[in-house]
Amino acid sequence: MGFRANCKEVNWKWLLKGEGWRWLIEHPSWDWFREEGHWDRIRKEDQAFLDQNGFTDLFKEFSVEYINVTEEVWRGNIADPNKVKRAVESRFKPVATEKLYSMVPKKLYDLRGSTLISLAKLKMYASFCMKNLFGMIPDPLRPWWHGPNHSKIARSIVNINEVYCCSLTFKMSAQ
């Protein structure tokens, strides 16, 4: 898929390499991504993944609702950021980036106290549960949260864990 960045036509290969990665760090808005249809394509690929790996059937069998965090946040279906902020800051220092308080979908917030099962995604390296919640940041790609030379990733991982664990008071279960 192609798109325009820095007044030139580029593609996903460019985006995931040096110059493109730096461009994403400097441009944290995802408006271009939605407007040019990229989100629709990823949404279809997400559904295909769920279908091909049996998750769609599993969710149906057990009456489980699949909640796409990005979809919910981008639609504005979020928990009250002030409540999330108060919950987090009652236990921890303020997060490094205030907009994290606006990244908790209301559907998840309404399930406070439930069990959250964090499934490790098979990768070429181990990242486990703390890193899994990094995926709850609703940006399709997260270079801005990594920061230049990965200078922000540790803080971003800790902060998103604080936001979800405090605002939702989930009981964590690693699988």
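What to note about this one:
- One decimal place: the segment Thr115-Phe55 gains 19.8 nm when fully extended, by the rule 0.36 nm per residue minus the C-alpha distance.
- Positive-end extreme of charge dipole, the range 8-174 - chosen from Ser29, Ala154, Gly135 (charges on Cβ): Ala154
- Over the chain: helical MRE at 222 nm, DSSP H runs n ≥ 4 each giving -39500 (n - 2.57), nearest 500: -12500 deg cm²/dmol
- Amide H partners (placed H, <5 Å) of Lys152, local residues excluded: Gly147
- The ranking of Ser151, Ser63 by Cβ neighbour count inside 10 Å, starting from the fewest, reads Ser63, Ser151.
- Peptide ranges 98-107, 27-36, 74-83 listed from the most packed, as the mean C-beta count within 10 angstrom indicates: 98-107, 74-83, 27-36
- Residue exposure proxy: Cys7, Cys165, ordered by other Cβ atoms within 10 angstrom of their Cβ from fewest to most, comes out as Cys7, Cys165.
- Ranking of Val73, Val163, Val10 by neighbouring Cβ atoms within 10 Å, starting from the fewest: Val10, Val73, Val163.
- Paired Rg and Dmax values of the chain, which use every Cα atom, in angstrom: 16.9, 48
- Each Lys and Arg contributes +1 and each Asp and Glu -1, all at the Cβ; summed about the Cα centre of the chain, the dipole is approximately 600 debye.
- Given charges at Cβ of Lys, Arg, Asp, Glu: the chain dipole, positive-most of Val95, Asn68, His38: Val95
Read the figures in this text as sums done on the coordinates, not as results from a lab. Since the structure is predicted, the reported quantities are computational estimates derived from the model, not experimental observations. Neighbour counts are summed over all protein chains in view; Cβ atoms, including those assigned to glycine, are modelled from backbone coordinates with ideal geometry.
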